[in-house]
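The values are calculated or read from the model by the stated rules, or taken from the named source; none is laboratory data. Treat the numbers as computed from the prediction; the structure is a model and nothing was measured. Cβ atoms come from the backbone with ideal geometry, glycine included; neighbour counts cover every protein chain shown. For accessibility, only protein heavy atoms count, side chains too; no ligands or nucleic acids. Shrake-Rupley method; radii C 1.70, N 1.55, O 1.52, S 1.80 Å.
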Amino acid sequence: MLSDAPEPCASSCAPYGPQLSFERALAGSFLPTMLHLFVLGGAAYAIGREFRDRTAGEWLAAAHGSIVAALIGKLSPLLVSFALLAAGVIAWLAGYRGWTANGSVVVWGFGLLSLIVACCAIPALIIGLTGTLRVALALVAFANVTSVSFTGFTYPLFSMTTAAKVWSAMLPFHYFYEVQQQQWNIGAPFAVSATPLAVLWGIFIAVPLAIALPALAKRCREPDGWGER
């Protein structure tokens with residue numbers, strides 16, 4: 001005799017998490033967070049030490065006076081190294097561990113690469129505006145320690161106060177996390193992820209670099225401001 005009773009899973013399955021795995025849920029968020037942490041700190045230190053050690057003039061001269069070339073040369077090893085780590089994270093989760101991304105792995109990977117680029121652009125902006133390694137490291141540390149808590153991973157975003165939501169909107173990890181949830185778990189179409197990706201590239205990459213490049217070039221030519229710790 002057929003029963004009309006619901007399936008046992010109907011009231012207990014987690015939305016968009018058919019494997020019900022803590023590893024999938026937690027590692028999928030914490031591994032990108034670690035990349036975010038080290039890129040922000042590494043980029044801030046790589047750029048800021050040139051001013052702390054009074055070598056900014058030599059740094060710019062080595063790039064034949066081009067701040068764009070100087071910044072690319074400074075950050076390229078960091079970008080390449082962490083892009084490979086990002087690819088390894090995705091390969092581990094969606095390849096070796098055997099879980100299936102419900103959306104596009106390519107869009108997810110592009111979102112993670114966008115986060116890494118943003119985490120290089122933001123420290124360049126901070127150093128360009130302050131010229132001080134200590135201040136830059138303090139600001140990126142504050143962004144790092146709040147990135148998980150204020151992006152909806154550890155606490156629901158819709159339950160936060162208005163001030164917390166505003167701070168969340170100011171963090172680049174917030175927009176990457178949207179892309180990851182949409183592509184890794186939900187299976188949303190690309191059009192849905194296009195908005196957070198556009199915010200990452202427009203607000204957290206293009207705007208910081210547009211301000212940072214002339215500011216850094218100016219500071220590289222003003223040795224009186226070098227040497228601050």
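Data table
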{"read-out": "Residues that are in a helix (DSSP H, G or I), of a type outside the set (A, V, I, L, M, F, W, C) and open to solvent by less than 40 Å² (accessible area, probe 1.4 Å), drawn from region 23-66", "value": "24, 28, 29, 32, 33, 36, 41, 42, 48, 50, 57"}
{"read-out": "Cβ-Cβ under 6 Å pairs, at least 6 apart or on other chains, region 46-67 side at positive phi, far side surrounded by 15 or more Cβ atoms within 10 Å (Cβ to Cβ)", "value": "54/226"}
{"read-out": "Residues located in region 87-98, provided they are more than 14 Å from residue 181 (Cα to Cα) and not β-branched (Val, Ile, Thr)", "value": "87, 88, 91, 92, 95, 96, 97, 98"}
{"read-out": "Filter result for the condition that a residue is under 24 Å from residue 49 (Cα atoms), among the aromatic types (Phe, Trp, Tyr) and not in a loop (DSSP other than H, G, I, E, B), over 204, 176, 158", "value": "204"}
{"read-out": "Residue that is open to solvent by less than 20 Å² (accessible area, probe 1.4 Å) and without any contact (Cβ under 8 Å) to a residue 40 or more places away in the chain, where the choices are 154, 146", "value": "146"}
{"read-out": "Matching residues, region 128-151, being farther than 26 Å from residue 84 by Cα, over 15 Å from the mean Cα position of the chain (by Cα) and not polar (S, T, N, Q)", "value": "128, 129, 131, 133, 134, 135, 138"}
{"read-out": "Residue 173 being under 21 Å from residue 125 (Cβ atoms), surrounded by 22 or more Cβ atoms within 10 Å (Cβ to Cβ) and touching a residue at least 60 places away in the same chain (Cβ under 8 Å)", "value": "yes"}
{"read-out": "Verdict on residue 99 being over 30 Å from residue 163 (Cβ atoms), open to solvent by 20 Å² or more (accessible area, probe 1.4 Å) and outside any helix (DSSP H, G or I)", "value": "yes"}
{"read-out": "Selected residue [open to solvent by 20 Å² or more (accessible area, probe 1.4 Å), within 26 Å of residue 133 (Cα to Cα) and in a helix (DSSP H, G or I)] from 91, 69", "value": "69"}
{"read-out": "Selected residue (criterion: least open to solvent (accessible area, probe 1.4 Å)) from residues of region 179-205 that are under 21 Å from residue 140 (Cα atoms) and free of Cβ contacts under 8 Å to residues at least 24 places away in the same chain", "value": "202"}
